[in-house]
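**Student:** My questions all concern the structure below.
Where a number appears in this text, it was derived from the coordinates with a stated rule and is not lab data. Because the structure is a prediction, the values reported are computed rather than measured. Quick reminder, even Gly has a Cβ in these numbers, built from the backbone with ideal geometry, and neighbours come from all protein chains shown.
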Amino acid sequence: MSEQVICIGCGVTIQTEDEKKIGYAPPSALERDPIICQRCFRLKHYNEVQDVSLTDDDFLNILNGIGQSDGLVVKIVDIFDFNGSWLPGLHRFVGKKDVLLVGNKVDLLPKSVKHEKVTRWMKQAARELGLQPRDVFLVSANKGYGMKEVMAAIDEYRNGKDVYVVGCTNVGKSTFINRIIKEATGRGNVITTSYFPGTTLDMIEIPLDDGSALYDTPGIINHHQMAHFVDKKDLKIITPKKEIKPKVYQLNEQQTLFFGGLARLDYVSGGRRPFVCYMSNELFIHRTKREHADELYEKHLGELLQPPRKSYCEQLPPLVAHHFTLKEPKTDIVFSGLGWVTCHEPGAHVIAYAPKGVGVMLRKSLI
């Protein structure tokens with residue numbers, strides 16, 4: 001393409017080379033009039049919002065813009081990966097604005113989990129991370145659970161002002177927005193049917209009935225999420241799609257659990273005890289003696305221990321050890337973006353391994 005062609009939907013320069021990059025349109029689209037990029041096309045015809053690839057500086061500029069405008073902020077987190085999907089520093093940008101905290105993917109938690117407990121836990125965790133949300137909600141944007149309550153709350157708290165929906169990549173933010181569009185246009189109450197992309201790629205603007213707008217901001221990249229260390233096929237394996245079935249392992253001292261080849265838990269001392277694993281049902285967990293663990297990892301990474309698949313092993317950073325002595329009863333050992341392991345009794349000494357850059361932490365048991 002010699003001359004620059006601009007997308008009439010979002011104002012970005014059209015390119016036909018790379019479908020993952022901003023402004024992609026298939027060559028056949030250039031014969032149409034007007035010309036729009038694939039992202040705008042999907043939004044217009046299928047109500048689908050696609051994440052875009054922007055740099056960290058782009059995101060900071062967007063957050064700065066939100067900080068300077070007046071409106072309600074709706075922050076989406078993935079309940080299954082609460083800390084990995086947290087936006088650090090958001091509280092500095094939102095200032096005195098009201099924030100609603102929405103935990104998505106509640107349908108993945110085991111049915112035994114009481115939702116009130118999760119909501120309380122999220123409020124507490126948010127405060128510890130510096131954010132004081134006005135209210136907390138649990139939803140499944142995928143299944144539609146809890147969406148009517150959230151939409152009513154958004155309408156109440158926004159008080160006629162604009163709404164900004166923010167979140168990391170992979171938290172289901174696009175699904176959330178698409179569900180809002182679907183629910184609202186079905187009955188035409190909160191949002192009108194004339195939704196369209198804004199004039200810049202920064203945000204997608206969805207007009208509201210009273211002249212203000214709901215803005216979908218691009219998914220912000222959190223570099224310590226496990227999702228960035230696997231390819232797309234493996235991401236499907238480690239991302240739960242159905243209710244998680246806990247797996248219980250009775251471990252003796254000096255035993256090791258491998259979670260595919262992406263993480264590992266060494267049980268060093270504390271007597272025989274159960275460890276309960278909450279991870280994607282498709283993720284293979286392998287138990288071995290600790291003395292054999294290093295050799296097993298070296299020989300079988302990408303084969304017995306996968307994901308990552310063989311072709312992706314070289315891109316996986318080395319595993320880093322995190323030493324913990326569990327002093328409290330009912331503690332979760334959290335591997336950011338992979339899941340967590342619960343130990344019910346205090347006194348265990350464990351070593352948790354995850355790729356360099358991926359967060360590993362302890363928290364009071366969620367379940």
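**Student:** Taking the 0 to 90 degree range and rounding to the nearest ten, how far is the long axis of helix 56-68 tilted relative to the main principal axis of the chain, both from C-alpha atoms?
**Tutor:** 60 degrees
**Student:** Shifting gears a bit: Hey, in the GNM for the chain with a 10 angstrom Cα cutoff, which one of Asn83, Asn252, Asn170 fluctuates hardest?
**Tutor:** Maximum fluctuation in the GNM of the chain, among the listed residues, is at Asn252.
**Student:** Turning to a different aspect of this structure: Name the most mobile residue of Ala263, Ala125, Ala152, meaning the one with the largest mean-square fluctuation, in a Gaussian network model of the chain with Cα contacts below 10 Å.
**Tutor:** So, out of Ala263, Ala125, Ala152, the one fluctuating most is Ala152.
**Student:** I'd like the FRET efficiency for Cys313 and Glu253, computed as 1/(1 + (r/R0)^6) with the beta carbon distance as r and R0 of 45 Å, rounded to 0.05. Intermediate results must be reported in sequence, preceding the final value.
**Tutor:** Working: r = 30 Å, r/R0 = 0.67.
Approximately 0.90, to the nearest 0.05.
**Student:** Specify the residue with the greatest mean-square fluctuation among Lys114, Lys97, Lys173, computed from a Gaussian network of the chain linking alpha-carbon atoms under 10 Å apart.
**Tutor:** Judging by the Gaussian network model, the answer is Lys114.
**Student:** Let me ask something else about it. Could you give the angle, 0 to 90 degrees to the nearest 10, between helix 147-158's Cα long axis and the longest principal axis of the Cα atoms of the chain?
**Tutor:** Approximately 60 degrees, to the nearest ten.
**Student:** Something else about it: Express in nm, to one decimal, how much length is gained between Asn159 and Glu295 on full extension, taking 0.36 nm for each residue of separation and deducting their alpha carbon distance.
**Tutor:** Contour length minus Cα-Cα distance gives 42.9 nm.
**Student:** Put +1 on the Cβ of each Lys and Arg and -1 on the Cβ of each Asp and Glu in the chain; which of Val73, Ser140, Asn170 then has its Cα farthest toward the positive end of the dipole?
**Tutor:** Ranked along the dipole, the leading option is Ser140.
**Student:** If you don't mind, another one. Quick one: check the C-alpha center-to-center distance for segment 260-323 versus segment 79-137, whole angstrom.
**Tutor:** Cα centroid to Cα centroid, the span is 29 Å.
**Student:** Among Ile8, Ala213, Ala125, whose Cα lies farthest out toward the positive end of the dipole of the chain, if unit charges sit on the beta carbon of Lys, Arg (+1) and Asp, Glu (-1)?
**Tutor:** Of the candidates, Ala125 comes out farthest on the positive side.
**Student:** Out of the DSSP beta bridges found with both residues in the chain, what percent are antiparallel (nearest 5)?
**Tutor:** Just about 70 percent of them are antiparallel.
**Student:** May I ask you to derive the FRET efficiency for Lys327 and Asn64 from their Cβ-Cβ distance with R0 = 45 Å, giving the value to the nearest 0.05?
**Tutor:** Approximately 0.65, to the nearest 0.05.
**Student:** Please work out the Cα convex hull volume for the chain and give it in Å³ per residue.
**Tutor:** Values: hull volume 52.6 nm³, N = 367.
Spelled out: Cα convex hull of the chain, divided by residues, is 143 Å³.
**Student:** Still on this structure, please answer the following. Using only the Cα atoms of segment 43-182, build the gyration tensor, take square roots of its eigenvalues as a ≥ b ≥ c, and label the shape rounded, prolate or oblate: rounded if a/c is under 1.5, else prolate if a/b is larger than b/c, else oblate. Provide the component values of the computation, followed by the final result.
**Tutor:** Numbers: a/c = 1.36, a/b = 1.14, b/c = 1.19.
Rounded shape, in that the Cα axes give a/c under 1.5.
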